[in-house]
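Report on the following structure.
Read the figures in this text as sums done on the coordinates, not as results from a lab. Keep in mind it's a predicted model, so treat the numbers as computed, not measured. So basically every Cβ, Gly included, is an ideal-geometry build from the backbone, and we count neighbours across all protein chains shown.
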Amino acid sequence: MAYSVLVVGGGLIGLSTAIGLREQGHQVTLIERAAAPSYTDQPELRVSALAQHSRQLLQHLQVWGQLPRERLGPYTGMEVWDHDSFGRIEFNAAEVNADDLGAIVENRVVETKLWERAQAVGVHLHPETAITELHQTETQVQVKTATGQSYQADYLIAADGVQSQIRQKVQAPLTFWDYEQRGMVAVIECEQPHGAVARQVFLPSGPVALLPLGNPNQVSLVWSCDEDQVGTYEALDDQAFANQLMRVSDSCLGTVKVVSKRASFPLRMHYAQRWLHDRVILIGDAAHSIHPLAGQGANLGFADVTAILKVFAEGEVTHRQLRQWERERKAAAVIMITAMEGFKRGFGTANPVAKVLRGLGLHAADRITPIKRMLTQVALGSSS
Ligand SMILES: Cc1cc2nc3c(=O)[nH]c(=O)nc-3n(C[C@H](O)[C@H](O)[C@H](O)COP(=O)(O)OP(=O)(O)OC[C@H]3O[C@@H](n4cnc5c(N)ncnc54)[C@H](O)[C@@H]3O)c2cc1C
């Protein structure tokens with residue numbers, strides 16, 4: 001059965017949903033507040049570490065093969081260590097018979113290729129369009145835009161990100177946690193090649209991730225930092241910032257240099273208590289957002305997409321199926337949020353006893369093969 005579906009939000013999650021639904025034969029309209037995505041020769045600041053299942057979805061949507069190889073950073077190793085103790089763990093794709101552990105992608109590059117694919121498969125794309133009103137009846141959902149245009153559909157899928165306006169319009173109650181942190185991001189050039197290894201060092205204030213980009217001497221920095229310290233770092237010039245980065249990352253890549261502008265994003269955890277509001281479905285960051293320390297936000301969103309596409313592939317969509325989708329995906333998000341919270345609390349303390357314990361824990365995990373294999377599977381994102 002073919003439905004009409006309105007997707008609000010043209011980020012990674014909204015665009016993938018729209019393409020998948022269109023390929024199933026549904027009539028799909030996508031509304032995006034910003035202009036159509038594009039990218040330049042310079043590496044973008046916002047990146048995601050994509051797990052295998054996310055890449056499989058992008059392959060299925062015929063987008064993965066369109067991504068320029070030089071803008072992909074597949075990584076075969078991961079190194080995680082504690083700045084304040086002897087704890088260290090290393091993961092390797094070969095240990096789990098995988099080709100790699102994931103791939104770093106630049107969000108804008110993927111969004112641009114998704115947009116092109118959406119256009120090619122016949123999604124009706126409306127960039128630079130703002131929604132002002134939302135109404136639902138038992139059988140239809142209707143939105144009005146700032147320019148007076150109105151759109152009607154059987155379902156509306158809200159993929160409009162962390163600050164989802166649709167979530168606010170349906171008054172979805174939110175479970176919310178402000179980490180009082182910001183993620184500082186920048187592209188960093190390093191003296192030593194990254195060797196296709198994703199590195200993460202835990203400081204008491206949060207993790208610092210150095211994610212390998214397509215260029216063997218460039219990494220993408222995601223430095224989670226308490227809000228009250230961010231101002232101090234932001235006030236530094238690039239050279240002084242690079243010196244601080246070398247200090248906190250134990251100069252693991254030799255001398256480093258900032259080669260992009262620097263930016264920061266607020267880090268918040270939230271999940272909507274209900275993702276299904278009659279004919280409105282919340283998905284991706286609109287439904288959940290988690291700390292980026294394990295790089296799983298987009299992966300969780302892609303897993304939502306894969307699961308919702310299964311529901312729409314099954315002929316008639318029933319409220320029961322959608323509730324089942326909501327239950328399963330919410331459970332996966334809550335498990336991930338709880339795990340991230342545990343990590344953050346475990347590392348986010350300068351207590352000397354905790355320091356010794358986490359050092360011992362990482363040390364032991366690195367040496368006990370089954371535990372390490374299990375952690376590597378988590379790193380691969382098999383639990384999203
Ligand atoms: C610092 C940082 C690092 C991260 N690192 C990783 C990582 O390594 N791996 C990972 O998996 N995840 C990571 N994440 C999370 C990941 O970026 C998000 O989970 C993912 O981008 C969410 O995609 P989305 O499409 O749901 O939302 P978004 O990417 O936010 O897209 C929402 C879209 O909706 C549009 N929009 C918003 N409001 C409206 C409206 N009212 N009408 C129409 N359109 C609207 C926006 O313009 C945007 O295009 C990170 C996040 C941060 C902050």
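Work out the charge dipole of the chain with +1 on the Cβ of Lys and Arg and -1 on the Cβ of Asp and Glu about the Cα centre, then indicate which of GLN200, PRO266, LEU134 is farthest towards its positive end.
The residue sitting farthest along the positive end of the dipole is LEU134.
Report the Rg/Rh value for region 190-294, based on alpha-carbon coordinates and the Kirkwood definition of Rh.
1.08
To the nearest 20 debye, what charge dipole does the chain have about its Cα centre, counting +1 at the Cβ of each Lys and Arg and -1 at the Cβ of each Asp and Glu?
For this selection, approximately 640 debye.
Could you state, as a whole-number percent, how many of the C-alpha pairs of region 62-136 are farther apart than 21 Å?
Counting every Cα pair in region 62-136, those more than 21 Å apart make up 57 percent.
With the contact rule set at Cα under 8 Å and sequence spacing of 6 or more, what percent relative contact order holds for the chain?
So the answer I get is 22 percent.
When the Kirkwood radius is taken over all Cα pairs of region 63-216, what Stokes-Einstein diffusion coefficient follows at 4 °C and 1.567 mPa s, in µm²/s?
My calculation gives 65 µm²/s for D.
Report the residue, chosen from GLY161, GLY231, GLY11, that carries the largest GNM mean-square fluctuation when the chain is represented by alpha-carbon nodes joined by springs under 10 Å.
GLY231
Only helices at least 18 Å long along their axis, Cα-based, and averaging -1.0 or more on Kyte-Doolittle count here, so list those DSSP H runs from the chain.
Helix filter hits for the chain: 107-121, 297-313, 319-347, 352-367.
How about region 27-93: which chymotrypsin sites (Phe, Trp or Tyr not before Pro) there lie in a loop by DSSP and see at most 15 other Cβ atoms within 10 Å?
PHE86
How high is the relative contact order of region 223-309, in percent, with contacts defined as C-alpha pairs under 8 Å that are six or more residues apart?
Relative contact order for region 223-309 comes out at 19 percent.
Kindly give the semi-axes, whole Å and largest first, of the ellipsoid equivalent to region 46-90, taking each as the square root of 5 times a Cα gyration tensor eigenvalue.
Value: 30, 11, 8 Å, ordered largest first.
Principal axis lengths of region 155-215 from Cα atoms, whole Å, largest first?
If we take the Cα atoms of region 155-215, the spans are 50, 31, 16 Å.
Which value, in debye to the nearest 20, describes the size of the charge dipole of region 1-110 about its Cα centre when Lys and Arg Cβ atoms bear +1, Asp and Glu Cβ atoms bear -1, and nothing else is charged?
Once rounded to the nearest 20, the dipole reads 580 debye.
Quick one: net charge of GLY65's neighbours, Cβ under 12 Å, K/R +1, D/E -1?
Here the count lands on +4.
How many Å³ per residue does the convex hull of the Cα positions in the chain occupy?
138 Å³
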